[in-house]
1. Being of a type in the set (Lys, Arg) and touching a strand residue (DSSP E or B) at 6+ places or on another chain (Cβ under 8 Å) is the filter here, so list the residues in the stretch 99-115 that pass it.
2. Identify, by number, the condition in (1) over 16 Å from VAL11 (Cβ atoms); (2) touching a Phe, Trp or Tyr at 6+ places or on another chain (Cβ under 6 Å); (3) at pLDDT 80 or above that PRO80 doesn't meet.
3. Mind checking whether some residue in the stretch 24-31 is over 20 Å from ARG115 (Cα atoms) and out of contact with any Leu (no Cβ under 7 Å at 6 or more places or on another chain)?
4. Quickly run through the stretch 106-120 and pick out the residues that are modelled with pLDDT under 90 and more than 21 Å from GLN31 (Cβ to Cβ).
5. Do we have ALA20 as touching a helix residue (DSSP H, G or I) at 6+ places or on another chain (Cβ under 6 Å) and modelled with pLDDT of 95 or more here?
6. Among the residues of the stretch 4-17, are any in contact with a helix residue (DSSP H, G or I) (Cβ under 6 Å, 6 or more places away or on another chain), in a loop (DSSP other than H, G, I, E, B), crowded, with 17+ Cβ neighbours inside 10 Å and modelled with pLDDT under 90?
7. From the residues in the stretch 27-48 that are more than 17 Å from PHE76 (Cβ to Cβ) and within 15 Å of the chain's Cα centre (by Cα), which one is surrounded by the fewest Cβ atoms within 10 Å (Cβ to Cβ)?
Amino acid sequence: MGPLPATILIVEDEPVIASAMQESLQRAGAQVLVASCIQEAIMLCSRNKPEIALLNTGKMPDKEGVAFADMLYRHFGIWPLIVTGTWQQDNPDSNSGAAKWPVLYKPFTIPQLLRFVAERAPHTSDSHPTP
């Protein structure tokens with residue numbers, strides 16, 4: 001497992017899940033920003049420079065998550081990673097292997113989360129993967 005990105009944004013509407021993810025990623029050495037909605041996430045991205053964003057696309061309260069993932073990448077250069085329990089219902093292409101962004105399915109363990117982030121995130125600020 002490689003190193004974690006320096007700064008990670010979590011966009012999660014379930015406080016217990018967001019808190020557990022934040023605590024685990026901080027213990028692993030990352031600075032973690034947490035937003036409970038997309039509007040808050042955009043404000044955090046404008047003020048900070050996270051390398052990646054962990055996005056719950058299933059029940060975000062104010063905008064469709066996949067479109068938000070695309071916007072984060074285009075406008076901020078942030079690599080989105082999807083963390084969801086409902087991705088297959090939201091994204092029919094996921095069954096064919098054509099999903100655009102990496103997906104971690106809930107429920108997951110903390111070691112799975114850390115490995116998912118470390119293995120899929122860009123490791124330098126100027127080398128973002130192409131979706």
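1. Start the filter on the stretch 99-115 by keeping residues that are of a type in the set (Lys, Arg), which leaves 100, 106, 115.
Listed by number, the list holds a single entry, LYS106.
2. (1)
3. Here is the first cut: in the stretch 24-31, the residues over 20 Å from ARG115 (Cα atoms) are none.
Looking for residues that are over 20 Å from ARG115 (Cα atoms) and out of contact with any Leu (no Cβ under 7 Å at 6 or more places or on another chain), one finds none in the stretch 24-31, hence no.
4. LYS106
5. Working: touching a helix residue (DSSP H, G or I) at 6+ places or on another chain (Cβ under 6 Å): no; modelled with pLDDT of 95 or more: yes.
Here the answer is no, as ALA20 does not meet what is asked.
6. Yes - at least one qualifying residue is present in the stretch 4-17.
7. So the residue we want is SER36.
The values are calculated or read from the model by the stated rules, or taken from the named source; none is laboratory data. Because the structure is a prediction, the values reported are computed rather than measured. Cβ coordinates were reconstructed from backbone atoms using ideal geometry, including for glycine residues, and neighbour counts include every protein chain displayed.
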